[in-house]
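Only one structure is covered here, and it is reproduced in the block below.
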Amino acid sequence: MMKNPNTKKRTVAFVCRECGGESIRWSGQCPHCRAWNTLEELQVSPSQRSPAPAPRVVPITEVELEAEPRLVLAWDELNRVLGGGVVRGSLVLLGGEPGVGKSTLLMHLAAQAGGKVLYASGEESAQQVGMRARRLGVSDPRLLLLAETDLERVMAAIEAEAPAIAIVDSIQTVSDPALEAGPGSVTQVRQASSRLMRAAKESGVSIFVVGHVTKEGAIAGPRLLEHMVDTVLYLEGERSQEFRVLRAAKNRFGSTEEIGIFTMTDSGMEEVSDPSRALLGDLREVPGTAVLATLEGTRPLLVELQSLVSPTPFGLPRRSATGIDLNRLHMIVAVLEKRGRLSLGASDVFVNVAGGIRVQEPAADLGLALAIAGNLRERALPPGTVVVGELGLAGEVRRVGGIERRLQEAARRGFRQAIVPRGAAAPSGLRTLPVADLAEAMAAAFGEGAR
Ligand SMILES: Nc1ncnc2c1ncn2[C@@H]1O[C@H](COP(=O)(O)OP(=O)(O)O)[C@@H](O)[C@H]1O
Ligand SMILES: [Mg+2]
């Protein structure tokens, strides 16, 4: 005899607002992610359901496979990150720091839906949202505004209007008045997410929710929400910089490898369909810069890497990386010292990816190493050169994936030669300089005799 699952009800009492981990009792430190003072009491309403009749099950061979119906937007930069458009009935979380452009991006998205969109804002008044729409040049009577913080009323509007897309800006500002917990609490955020998820699945409305991420004092961490939604997108970028990158951290309907690139101006955002051209701008070939042929998802991207090596004024040498993982920089510096015989122990090393883009793949290693070496030695790479390759701890240059696509992009952009791992075939118009290790790469880059 099977136990009725309803008789033994497990009640979760506390949830970590950082990682979403659940605990039976309160403690000062989350037992899951070890963050301090992040556990919050969760209000659980007891289940009042009686045992359900056995549901009908389907053999896997008889499941009807229809492609997810998708709403294809005007901007391919958005479609790509979403996995080919907005999936009907999906719940998408858009996270990002305040001011990065979440509301702006969703307003552009709303304008591209080609149908009814409900924009529920708990952050701003209808007036403010309306002013933004005007500034962005969005005027479509099918875009409906609702300034509301009451979750019940937002749900009711979604049901009554049955839009193609509903936007809830932000999840931290809507709350269910039936619950005692305040807006932005774990209880409210979970409640809102699960209600919206159910509404999306039942009605087929695609719902986008905004979630604020702050470095300090996050109200309810995005990771809490991550496992409650279909897709998690993050909008990144420095407010002072022009570029914004949209990344998928989770996607039930597509790859998480793809990114979308946008620029932010006074009149709103624009998609950047040719990011290499936008990112490279006018290149100056000075000692310390290198152009990397990177790959973001399926898309090749040429980015300029800048480095500065300067004597450490006092104390420990500094290593600082913007757009590059700091651990990776430490490793490259160590390899340069040990295998390249460069002396960096008394120098500060700064590296920066131009345009505010992040480069996360090891294929950037060799370009990084050559930029640093070039700055230290005051030698510029030959004009029209791109660099690609992973660097091993022994100083060996390793092959990377997608080399053809990277080099084709470089050739298309008018680069004439590429320093690459051995075995890479060159597309027409581009000369390759295959190198096996750091010493050969330095020789190829700066014309020094290889040891
Ligand atoms: N009145 C304005 N004129 C020009 N740019 C503005 C104006 N208001 C906001 N912005 C731009 O939009 C950005 C805020 O975008 P927004 O979509 O509101 O961000 P988020 O929703 O992520 O907090 C600002 O950083 C600024 O660059
Ligand atoms: Mg906003």
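General remarks:
- Checking Leu246 against (1) open to solvent by 30 Å² or more (accessible area, probe 1.4 Å); (2) of a type in the set (A, V, I, L, M, F, W, C); (3) not in a loop (DSSP other than H, G, I, E, B), the condition it does not meet: (1)
- Every residue from the range 118-152 that is among the hydrophobic types (A, V, I, L, M, F, W, C) and within 16 Å of ligand 1 (Cβ to nearest atom): Ala120, Ala126, Val129, Met131, Ala133, Leu136, Val138, Leu143, Leu145, Ala147
- Within the range 189-215, if we keep just the residues that are over 18 Å from Thr173 (Cα atoms) and surrounded by fewer than 18 Cβ atoms within 10 Å (Cβ to Cβ), the residue that is nearest to ligand 1 (Cβ to nearest atom) turns out to be Lys215.
- Here Leu73 does not qualify as within 16 Å of ligand 1 (Cβ to nearest atom), assigned by TED's automatic domain parsing to the domain that holds Gln188 and either at pLDDT below 85 or under 30 Å from Phe243 (Cβ atoms) (or both).
- Qualifying positions in the range 93-114 - more than 9 Å from ligand 1 (Cβ to nearest atom) and touching a strand residue (DSSP E or B) at 6+ places or on another chain (Cβ under 8 Å): Leu93, Gly95, His108, Leu109, Ala110, Ala111, Ala113, Gly114
- Lone qualifier among Ser193, Ser276, Ser267 - being among the polar types (S, T, N, Q) and modelled with pLDDT under 85: Ser276
- Taking every residue in the range 138-165 that is at positive phi and pairing it with any residue that is of a type outside the set (D, E, K, R) and in a loop (DSSP other than H, G, I, E, B), at least 6 positions away or on another chain, the pairs with Cβ-Cβ distances below 8 Å are Ala162/Val205.
- Pairs meeting the criteria (first residue in the range 265-282 and in contact (Cβ under 8 Å) with a residue 60 or more places away in the chain and more than 23 Å from Leu295 (Cβ to Cβ), second residue assigned to a strand (DSSP E or B) and not aromatic (Phe, Trp, Tyr), beta carbons under 9 Å, at least 6 apart or on different chains) are Met269/Arg244; Met269/Thr263.
- Residue that is farthest from Val138 (Cα to Cα), among those in the range 260-275 that are away from ligand 1 (no atom under 16 Å from the Cβ) and open to solvent by 20 Å² or more (accessible area, probe 1.4 Å): Asp274
- A residue that is assigned to a loop (DSSP other than H, G, I, E, B), open to solvent by less than 50 Å² (accessible area, probe 1.4 Å) and at pLDDT 95 or above cannot be found anywhere in the range 413-432.
- The one condition in (1) over 26 Å from Pro300 (Cβ atoms); (2) in contact with a helix residue (DSSP H, G or I) (Cβ under 8 Å, 6 or more places away or on another chain); (3) open to solvent by less than 20 Å² (accessible area, probe 1.4 Å) that Arg377 fails to fulfil: (3)
- Hey, Leu302 at pLDDT 90 or above, under 23 Å from Glu361 (Cα atoms) and surrounded by fewer than 21 Cβ atoms within 10 Å (Cβ to Cβ) or not: no
- Pairs where the first residue, in the range 108-137, is open to solvent by 20 Å² or more (accessible area, probe 1.4 Å) and the second is in a helix (DSSP H, G or I) and of a type in the set (Asp, Glu), C-beta under 7 Å, 6+ apart: Lys116/Glu161
The values are calculated or read from the model by the stated rules, or taken from the named source; none is laboratory data. The structure presented is a predicted model; accordingly, all values stated were derived computationally and were not measured. For neighbour counting, all protein chains shown are included, and Cβ atoms are generated from backbone atoms with ideal geometry for every residue, glycine included. For the accessible areas, the whole protein counts, side chains as well, though only heavy atoms, and no ligand, DNA or RNA atoms are used. Shrake-Rupley method; radii C 1.70, N 1.55, O 1.52, S 1.80 Å.
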